Amino acid sequence: MAIGARTHPGDPRHWPGLVFMAISFFAYVYLPIAILIGLSFNENEQATIWTGFSLDWYVKALHNDDMINSAKNSLIIATIASLLSTSLATLAATRMAFDRFRGQTAVGALIALPLTLPEIVTAVATLMLFSLIGLPLGLTSVILAHTVFCIPFAYLPIKAQLDRFDPKLMEAAGDLYSKPIQTFFFVTLPLLAPGIMSGAVLAFIISLDDFVTTFFVGGAGSTTLPIYIFGLIRVGVSPEVNAISTVMLIISIAMVSLSLLLNRGQERGDD
Amino acid sequence: MPDTDNSDRLERKRGREAWRVRAFTIGPAAAMLILLTLLPLGLMVYISLQERDWSGSVIWGNYSFEAYIRFIFERKLDDSLQLNADYVRIFARSFWLSLLTTGLSLLVGFPTALFIATRPPRWRATLVFLTTVPFWTNLLVRNYAWILLLRDTGPINAGLQELGVIDEPLAMLYTNFAVSVGLTYSFLPFMVLPIYAAMEKMDFRLVEASFDLYATRLQTLWQVMIPAAWPGIIAGCILVFVPCLGSYVTPALLGGGKSMMVGNLIGLQFGAARNWPFGAALGFALLTLILLSMLFYVFKVRPEENR
Amino acid sequence: MGTDISISARNVIKDFGSFRALDDISLEIHKNEFFTLLGPSGCGKTTLLRLIAGFEVPTRGHIELSGQDITNVPPFRRPVNTVFQSYALFPHLTCAQNIGFGLARLGRGKSEIDEVVRRMLKLVKLEELASRKPHQLSGGQQQRVALARALAPAPELLLLDEPLSALDQKLRKGMQIELKRLQRETGVTFIFVTHDQEEALTMSDRIGVMSDGLLQQVGTPREIYNHPANRFVADFIGESNFLAAGVGDTAGEYTAVALDCGYRHRVPASRQLQPGDSVVAAIRPESLVLTDSGAEDSIAATVTDAIYFGTDTHCHVELDNREALVIRLQNARVDRVDLNPGSRVGVRFDPDAIQVLGD
């Protein structure tokens, strides 16, 4: 050691407590979910003591007509909302990326707006609007409301993809006798495809998982899965809820992984 | 051939064309957002200034501040006003719970972000992924997991009783405690990610230099790392505090009727309590509160950035 | 009808807001010519190229292609193709698909496209890489694909925007030869943009030197080098010495130009030179000869520095009137002149190599 050696507190990598905190964090985040999933396979109805592995609750859930119906509604709403919001977001994002006009920042803020507002406020405000114009509360009202707040979620991955897009490519296409529409289909769209798909998947999950807006803007015939689960939870804890919840968890995680994979694959694929 | 001046005529023609394309591409998304986000909000403010009719909906045209008066006063049958602290209490609870949640998230989130930022690059992507996954799963389901854990017959109580720490099960559910646990649980990733993003860009040689200059860990933390991560810390605080204020699901599931937050109160006005103007006023109040919080955080950053 | 002219720009002005990028440019480029636009960054050469390609529209003025006014015609309707500085290859398409892109958009049949693509790949010697994607290629290979892609639709005009700037020196030299060969083989008019004057001098049939949005001079490499029209061109191309001089009287066919350092020069009489005018004499370092001091026909000077460069030596001298000169001496020719700082020498001028320019 050099003359006048001093105690070196050391590399932050090895600071005491850091690993402990991180482990606690991940444990805190994942343990409850893990327990939930575990209990869904519990034979016992009491759901506290483990008595044996069983798929009964899943079977029971599958035979639950109300559950199946609400799942169907969820899928219909999520699919339509995702398709609509992604299309709108794609059109807007492609123009916003290569254009400059007065008020552009305002438009950008407008698109991000649903992300910043508390959902309870937008939900009741939308309810009031629908009731004022006489729109019946049902699948249509829910789809409309979902489409709106899905737009920013679809927009984000598409914009990220566009930031990686070389605008010279569009000039090159024009130089090579490609009319603007042709450029859009032969150059812009193929290169944006991963971002668009990622956005669509994201919008889908957000719609699928939504509760607050659906609760206030939906009617009797538009019960979605989260609404149904909420109703069940109000009644009390039941392993059937565990089973349905686990299924929802797996679907969400699968879709998120898909979305991230689409994004990451693109980063390694081009340039 | 005369020297044609392209500039003016062509500029204007191209300008008009550009706006036509913008209307076709950006227009639809913008229209939807204006019609189904801005318009409802405007309507809400307008309704908050209307009178309530017997069924709870709106009497149009009679402007009144009744809804706002209702925040702190209760109108008795003889039209006199009596002070009513119930709603104020709910606002206060929301505020403090959100603050508490932000603080706890910061306490747990900062070391976690630091941990991730100091791992080898290959690990980081996986760790970040693991951190974000819960965000995408259903909020109901995540809060339900805590109902399972915190209830009287849940594993926590069972475990504590087994160990002999307690005789009777602790009533953890449907309390402020349960709600804060649930809120922290729901919003923790929002704190970790921005701080991590800020730290990832930090030059860790500054930390080394700090040690070189005889600083202790604590001093290094305070003088070097926290300022470097400060924008991320602010972002994280906003990302936790703001949604917390307006949260609905967590207090509904884990707080029951006893630990209501503003979100639930608003929802109630459109459900059992049926008072649309009041609900609208509450919504407007929540929005204002959120705007003020964001402004507060944002303006607190400026002076810090010049350190 | 001007059938010899490929493209011409007439009084073209281009403004970006309040910034004038091109200030009244008029230029004619001939068919089958390798024409280079040369100038420092920001001189407007790329802007002019973009106007020809159609990516921008002139604020004023016209652009004509083979006699047709194409000023307001969009790029996809101009038989003009561009090789971009960054190549701009389509990352999601293979090399073959990139090359065939233009023809495909024009609606040509598959067999025709395949045939042309094959021919192009052969032309740029990349046959084996047809099915690779751009990111799997080296910089030099990408550049050749960009070239093939631009040539495939058999355009009337090929525009090249500093295509060699990203290549290393050796590759660059090789590509310069390649490009020259391609131009001669295909017979397509090339307009080449660069800031590298050596590149321009070696490759071009004619050069247009630009600076600050103006065309300073248009001519063959030899003309530009030996007879620069003004101080900027003389300074930008190669190296020049600049000596002050004054215009004297005209006697018969010649006008006297007296250099301040004492040398008496004369030029063919011209209306632009009036007695009493101050002018500048531009002299290339390699056209000067060093002699012993006092030798006849030489102007006295003192050596201030001599820098050895391997093949030649740059000798810096100071004339008696305090003006400085740089003289390039070939080391192979042994000179008995003492090049130590302080020694007295004589400088001999070559009257044919002195260019008189306006101040």
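The values are calculated or read from the model by the stated rules, or taken from the named source; none is laboratory data. From a predicted model like this one, the values you see are computed outputs, not experimental measurements. Virtual Cβ from ideal backbone geometry, glycine too; neighbours counted across all protein chains shown.
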### Message
So C:Val218 ticks every box in (1) out of contact with any Lys or Arg (no Cβ under 9 Å at 6 or more places or on another chain); (2) within 14 Å of C:Leu37 (Cβ to Cβ) but one. Which box is left unticked?
### Response
(1)
## Note on the structure
Among (1) in contact (Cβ under 8 Å) with a residue 40 or more places away in the chain; (2) within 10 Å of chain C (Cβ to nearest Cβ), A:Thr224 falls short only on (2)
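Take the residues in region C:105-119 that are assigned to a helix (DSSP H, G or I) and either of a type in the set (Asp, Glu) or within 8 Å of chain A (Cβ to nearest Cβ) (or both); name whichever of them is nearest to A:Tyr177 (Cα to Cα).
Applying the first criterion (assigned to a helix (DSSP H, G or I)) to region C:105-119 yields C:105, C:110-119.
Checking which are either of a type in the set (Asp, Glu) or within 8 Å of chain A (Cβ to nearest Cβ) (or both) leaves us with C:105, C:112, C:114-115.
Values: C:Arg105: 6, C:Glu112: 17, C:Asp114: 18, C:Glu115: 19 Å.
This residue is C:Arg105.
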### Query
Within region B:249-262, how many residues turn out to be closer than 16 Å to B:Arg142 by Cα, buried (at least 24 other Cβ atoms within 10 Å of the Cβ) and not small (Gly, Ala, Ser)?
4
### Summary
Apart from one, (1) touching a residue at least 12 places away in the same chain (Cβ under 8 Å); (2) under 20 Å from A:Leu202 (Cβ atoms) all hold for A:Ala173; the odd one out is (2)
### Query
Among (1) on the phi > 0 side of the Ramachandran plot; (2) at pLDDT below 90; (3) within 8 Å of another protein chain (Cβ to nearest Cβ), which single condition is C:Gly2 missing?
(3)
### Query
Just to be sure, is B:Leu100 within 14 Å of chain A (Cβ to nearest Cβ) and either surrounded by 15 or more Cβ atoms within 10 Å (Cβ to Cβ) or within 24 Å of the chain's Cα centre (by Cα) (or both)?
no
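Can you pull out the strands (runs of 3 or more DSSP E) entirely within region C:271-359 that have at least 3 residues that are over 21 Å from C:Val247 (Cα atoms)?
On the way: elements: C:278-283, C:289-292, C:299-308, C:312-319, C:324-330, C:344-348, C:354-358.
It comes to C:289-292, C:299-308, C:312-319, C:324-330, C:344-348.
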### Summary
Scanning region A:176-221 for residues that are β-branched (Val, Ile, Thr) and farther than 30 Å from A:Phe165 by Cα, the one nearest to the other protein chains (Cβ to nearest Cβ) turns out to be A:Val212
### Message
I'm trying to understand the selection: among the residues of region A:118-138, which are surrounded by fewer than 19 Cβ atoms within 10 Å (Cβ to Cβ), hydrophobic (A, V, I, L, M, F, W, C) and at the interface with another protein chain (Cβ under 9 Å from one of its Cβ atoms)?
### Response
A:Leu132
### Message
I'm checking my understanding of the structure. Among residues of region C:70-85 that are under 11 Å from C:Leu51 (Cα atoms) and out of contact with any strand residue (DSSP E or B) (no Cβ under 8 Å at 6 or more places or on another chain), which one is surrounded by the most Cβ atoms within 10 Å (Cβ to Cβ)?
### Response
C:Pro75
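What are the residues in region A:224-249 that are in a loop (DSSP other than H, G, I, E, B) and either under 14 Å from B:Arg142 (Cβ atoms) or over 19 Å from the mean Cα position of the chain (by Cα) (or both), if any? Give the derivation first.
Step one: of region A:224-249, the residues in a loop (DSSP other than H, G, I, E, B) are A:224, A:236-238.
A:Gly236, A:Val237, A:Ser238 - these are the residues of region A:224-249 that are in a loop (DSSP other than H, G, I, E, B) and either under 14 Å from B:Arg142 (Cβ atoms) or over 19 Å from the mean Cα position of the chain (by Cα) (or both).
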### Task
Could you list, in sequence order, all residues of region B:147-156 that are facing chain A (nearest Cβ under 7 Å) and of a type in the set (A, V, I, L, M, F, W, C)?
B:Ile147, B:Leu148, B:Leu149
### Query
So, of the residues in region C:315-358 that are among the small types (Gly, Ala, Ser), surrounded by 12 or more Cβ atoms within 10 Å (Cβ to Cβ) and under 33 Å from the mean Cα position of the chain (by Cα), which turns out to be modelled with the lowest pLDDT?
C:Gly358
#### Entry: Yes/no for B:Ala235 being away from chain A (no Cβ under 12 Å), at negative phi and either buried (at least 18 other Cβ atoms within 10 Å of the Cβ) or free of Cβ contacts under 8 Å to residues at least 40 places away in the same chain (or both)
yes
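For every residue, the table says whether it meets (1) more than 10 Å from every other protein chain (Cβ to nearest Cβ); (2) touching a strand residue (DSSP E or B) at 6+ places or on another chain (Cβ under 8 Å); (3) not in a helix (DSSP H, G or I).
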| site | (1), (2), (3) |
| --- | --- |
| B:Ala145 | no, no, no |
| B:Pro169 | yes, no, yes |
| B:Phe177 | yes, no, no |
| B:Leu183 | yes, no, no |
| B:Tyr196 | yes, no, no |
#### Entry: Cβ pairs under 8 Å, 6+ apart, first in region C:248-267 and among the acidic types (Asp, Glu), second crowded, with 19+ Cβ neighbours inside 10 Å
C:Asp249/C:Thr255; C:Asp260/C:Leu243; C:Asp260/C:Ala245
### Task
Return a yes/no flag: does region A:97-114 have any residue that is assigned to a helix (DSSP H, G or I), in contact (Cβ under 8 Å) with a residue 60 or more places away in the chain and not charged (D, E, K, R).
yes
### Task
Test B:Glu74 against the stated conditions and say whether it is in contact (Cβ under 8 Å) with a residue 12 or more places away in the chain and of a type outside the set (S, T, N, Q).
no
### Query
Of the residues C:Gly109, C:Gly187, C:Gly140, which is loosely packed, with under 15 Cβ neighbours inside 10 Å and either touching a residue at least 24 places away in the same chain (Cβ under 8 Å) or among the β-branched types (Val, Ile, Thr) (or both)?
C:Gly187
### Task
Considering only region C:49-69, state which residues are more than 7 Å from every other protein chain (Cβ to nearest Cβ), surrounded by fewer than 20 Cβ atoms within 10 Å (Cβ to Cβ) and assigned to a loop (DSSP other than H, G, I, E, B).
C:Glu56, C:Ser66, C:Gly67
### Query
Is region B:19-33 home to any residue that is out of contact with any Gly (no Cβ under 7 Å at 6 or more places or on another chain), surrounded by 14 or more Cβ atoms within 10 Å (Cβ to Cβ), under 19 Å from B:Leu287 (Cβ atoms) and not basic (Lys, Arg)?
yes
### Query
If we keep just the residues of region C:72-97 that are over 30 Å from the mean Cα position of the chain (by Cα) and more than 8 Å from every other protein chain (Cβ to nearest Cβ), which is farthest from A:Asp166 (Cα to Cα)?
C:Ala96
### Message
For region A:68-90, check the following and say yes or no: at least one residue is among the β-branched types (Val, Ile, Thr), within 13 Å of chain B (Cβ to nearest Cβ), closer than 30 Å to A:Val187 by Cβ and touching a helix residue (DSSP H, G or I) at 6+ places or on another chain (Cβ under 9 Å).
### Response
yes
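Right, B:Pro189: without any contact (Cβ under 8 Å) to a residue 60 or more places away in the chain, crowded, with 16+ Cβ neighbours inside 10 Å, in the same structural domain as B:Ala171 (by TED's automatic domain parsing) and not in a loop (DSSP other than H, G, I, E, B) or not? Let's see the steps before the verdict.
On the way: without any contact (Cβ under 8 Å) to a residue 60 or more places away in the chain: yes; crowded, with 16+ Cβ neighbours inside 10 Å: yes; in the same structural domain as B:Ala171 (by TED's automatic domain parsing): yes; not in a loop (DSSP other than H, G, I, E, B): yes.
So B:Pro189 passes the test.
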### Query
Is it true that some residue in region B:56-67 is charged (D, E, K, R), away from every other protein chain (no Cβ under 14 Å) and within 18 Å of B:Ala285 (Cβ to Cβ)?
yes
### Query
Would you call B:Val128 closer than 21 Å to A:Val29 by Cβ, more than 9 Å from chain A (Cβ to nearest Cβ) and not in a loop (DSSP other than H, G, I, E, B)?
yes
